[in-house]
Ligand SMILES: [Zn+2]
C-alpha cells in the first residue's frame, strides 16, 4: 500500500505540531514530513515537484499543498521521528478499512469490460475460462505428445467459444505467471493449426 512520501526535515523558523501525539516539534528538531494524498489523485503525484518547489505557505508558515479538485489533493503532516511508526500503523489500518468498505467486490458496477453482457453469457463465459485454465494446468502436467495434441485442440476450441461470447480475454489482465505462459506456449506451439 502506498502511504506517502517522507522527508526528513527541520523547521527553520516556527515550531510545529506532531500529527500523532499533538506535542510540539521544536525549531531545528529533525522530524518527518509526510505527504499523503486524498481523493483520486494518482496522477497528481507527478505534480509533486511543483508543489515542493512552490513557495506558498499558509498563516502557520506551513506549505499549503495543492488542491487538485474540490475533494482531492495532497496533505502534509509533520511527525516526531519516534511517532512515525505509530502513525503509519494507524494510517494503514484506517486506509485498509476504508478500502474494505468502499471497494468490496472489485471494480464498481457497470464499469467492467463484461458489464454489457447478459448474465447467462457471463456465466457461460466464466465456465469456458475455468475450463481453459484447467486445460492449461493439464498441459503443464504432461509431456505426452498425443495428450498435448488433444489438449491443444481443446484450447483452440475454447478460444473460439470464448471469443464467440463477445469479449476477448486481455492477456495482460489475466493472472497467469509469465514463465508458465511461456512453457504452455512452447508445449502447444507445434500442434497449433
Ligand atoms: Zn509526536
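Every number here is computed from the coordinates shown, using simple stated rules; none is lab data. Since we're looking at a predicted model, the values are computed, not measured. Ideal geometry is used to build each Cβ from the backbone, glycine not excepted, and the neighbour counts take in all protein chains shown.
Remarks
- Spacing of the two label points (7 Å from each Cα toward its C-beta) at residue 9 and residue 90, in nm: 1.8 nm
- Listed peptides 160-166, 133-139, 92-98 by packing density, highest first (mean Cβ within 10 Å): 133-139, 160-166, 92-98
- Packing around the peptides 5-12, 124-131, 25-32, 140-147, taken as the average count of other Cβ atoms within 10 Å per residue, puts them in this order, highest first: 25-32, 124-131, 5-12, 140-147.
- From largest to smallest, the equivalent ellipsoid semi-axes obtained for the stretch 119-189 from the alpha-carbon gyration tensor read 22, 14, 10 Å.
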